[in-house]
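Chemist: Structure provided below as structure tokens; questions to follow.
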Amino acid sequence: MTDDHALFRPPAPGGAAPQPESWTRQAGDAVDMAVPIVETRAVSHDYSLGTHTVEALKRITLRVARGSLVAIHGRSGSGKTTLLNIIGGLDQPTEGSVWLDGDDVTQMNESRLVDIRRSKIGFIFQAFGLIPILTATENVQIPLRLAEAPVAEREERTRVVLNLVGLQDRGRHRPHELSGGEQQRVAIARALANGPPLLLADEPTGQLDSHTGRTIMDLISALVRSENLTAIVATHDAALIDLADRVIELGDGAVLADSDA
């Protein structure tokens, strides 16, 4: 099987990402770069555990600039996944509000939230989330099919994003025929398929060895640079956070430290 590290080499400082063509997001309204891609305003989230109320998040206020790579770290139970789920509109805060690309996500109905998740957010999970019976190409095409993209456009975008993550020759392979690193790169290609401006990654290297995990983080970092994406990555691996532009430490649902503060 092909060595994962050989499939992707991060660009030299100031250089272009290692793909023959750039993948560009769908053209839309002009973007105001002064407006943060994500803003949370005094976000709290409680849930019941038996007769107790657990404060998963405690008045989290953050502004995330466009085109940045943000690492959120902390021990298990610190609130990392909860915060990503609320930013991504998968959960609602108990108090506070979340703004995505200038829109208040917390005021949206479920139909609008589905549209936002399909068009503006790419999700990357620790467990890859690939469908076993589908090929890499077919897995990447899932969000494009849900968005009812025309066949020709769907095929072209799939080709480009697989090439972007270094898997242009692995599209016909099913997940069990791919290494862990290759499966995660298929998941990244799927997250990119609809051209979202924001990637949310929850422990994307959690099931990978340290060498392959570093390669995946290098890839995410290079994509942020070359494609002008914003990525928020939750990780407990201290060895990986040095790639981030900004590091936020959570503990017991609160911000303990923020390198941007």
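The values are calculated or read from the model by the stated rules, or taken from the named source; none is laboratory data. Not measured: the values here are computed from a predicted model. Backbone-built Cβ (ideal geometry, glycine too); neighbour counts: all protein chains shown.
Chemist: As an exercise: evaluate GLY129 against (1) over 29 Å from ASP237 (Cβ atoms); (2) in contact with a helix residue (DSSP H, G or I) (Cβ under 8 Å, 6 or more places away or on another chain); (3) of a type outside the set (Lys, Arg); (4) surrounded by fewer than 19 Cβ atoms within 10 Å (Cβ to Cβ) and give the number of the one condition it does not meet.
Modeler: So GLY129 meets the others, but not (1).
Chemist: Which of the following residues is in contact with an Asp or Glu (Cβ under 7 Å, 6 or more places away or on another chain), not in a loop (DSSP other than H, G, I, E, B) and not small (Gly, Ala, Ser): GLU182, GLU155? Spell out how you get there, then give the answer.
Modeler: Values: GLU155 fails: in contact with an Asp or Glu (Cβ under 7 Å, 6 or more places away or on another chain).
Sole residue among the options that is in contact with an Asp or Glu (Cβ under 7 Å, 6 or more places away or on another chain), not in a loop (DSSP other than H, G, I, E, B) and not small (Gly, Ala, Ser): GLU182.
Chemist: In segment 229-259, which residues are over 18 Å from ILE87 (Cα atoms), modelled with pLDDT under 90 and surrounded by 14 or more Cβ atoms within 10 Å (Cβ to Cβ)?
Modeler: HIS236, ASP237, LEU240, ILE241, LEU243
Chemist: Follow-up question, since we're still on this one. Which pairs do you get when a residue that is over 22 Å from ARG214 (Cα atoms), found in segment 174-197, comes within reach of a residue that is assigned to a helix (DSSP H, G or I) and among the aliphatic types (A, V, I, L, M), reach meaning Cβ atoms under 6 angstrom, with the pair 6+ apart or on two chains?
Modeler: These pairs meet every condition: ALA193/VAL140; ALA193/LEU144; ALA193/VAL161.
Chemist: I'm trying to understand the selection: among the residues of segment 204-228, which are surrounded by fewer than 17 Cβ atoms within 10 Å (Cβ to Cβ), on the phi < 0 side of the Ramachandran plot, among the polar types (S, T, N, Q) and outside any helix (DSSP H, G or I)?
Modeler: The one that is surrounded by fewer than 17 Cβ atoms within 10 Å (Cβ to Cβ), on the phi < 0 side of the Ramachandran plot, among the polar types (S, T, N, Q) and outside any helix (DSSP H, G or I): GLN207.
Chemist: Got a number for residues in segment 31-69 being assigned to a loop (DSSP other than H, G, I, E, B) and either within 17 Å of VAL98 (Cβ to Cβ) or not hydrophobic (A, V, I, L, M, F, W, C) (or both)? Lay out the reasoning, then the answer.
Modeler: Restricting attention to segment 31-69, the residues satisfying the condition of being assigned to a loop (DSSP other than H, G, I, E, B) are 31-37, 50-51, 65-68.
Remaining after also requiring either within 17 Å of VAL98 (Cβ to Cβ) or not hydrophobic (A, V, I, L, M, F, W, C) (or both): 32, 35-37, 50-51, 65-68.
So the answer is 10.
Chemist: Give me a count of the residues in segment 126-141 that are at pLDDT below 95 and assigned to a helix (DSSP H, G or I).
Modeler: Of the residues in segment 126-141, 0 are at pLDDT below 95 and assigned to a helix (DSSP H, G or I).
Chemist: Looking at GLY89 and the list (1) surrounded by 15 or more Cβ atoms within 10 Å (Cβ to Cβ); (2) more than 16 Å from HIS45 (Cα to Cα); (3) out of contact with any strand residue (DSSP E or B) (no Cβ under 7 Å at 6 or more places or on another chain), which single condition is not satisfied?
Modeler: With respect to (1) surrounded by 15 or more Cβ atoms within 10 Å (Cβ to Cβ); (2) more than 16 Å from HIS45 (Cα to Cα); (3) out of contact with any strand residue (DSSP E or B) (no Cβ under 7 Å at 6 or more places or on another chain), GLY89 is out only on (2).
Quick grid of which residues meet (1) more than 21 Å from ILE241 (Cα to Cα); (2) touching a Ser or Thr at 6+ places or on another chain (Cβ under 6 Å):
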position: SER48; (1), (2): yes, no
position: LEU62; (1), (2): no, yes
position: GLY74; (1), (2): no, no
position: GLY79; (1), (2): no, no
position: ASN85; (1), (2): no, no
position: LEU90; (1), (2): yes, no
position: ASP101; (1), (2): yes, no
position: LYS120; (1), (2): yes, no
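Chemist: Within segment 174-184, is even one residue under 30 Å from VAL98 (Cα atoms) and buried (at least 23 other Cβ atoms within 10 Å of the Cβ)?
Modeler: The initial filter retains those residues of segment 174-184 that are under 30 Å from VAL98 (Cα atoms), namely 184.
So of that shortlist, the ones also buried (at least 23 other Cβ atoms within 10 Å of the Cβ) come out as 184.
Yes, segment 174-184 has at least one match.
Chemist: Does GLY96 meet the test of being among the small types (Gly, Ala, Ser), within 22 Å of ALA254 (Cβ to Cβ) and not in a strand (DSSP E or B)?
Modeler: Working: among the small types (Gly, Ala, Ser): yes; within 22 Å of ALA254 (Cβ to Cβ): yes; not in a strand (DSSP E or B): no.
No, not satisfied.
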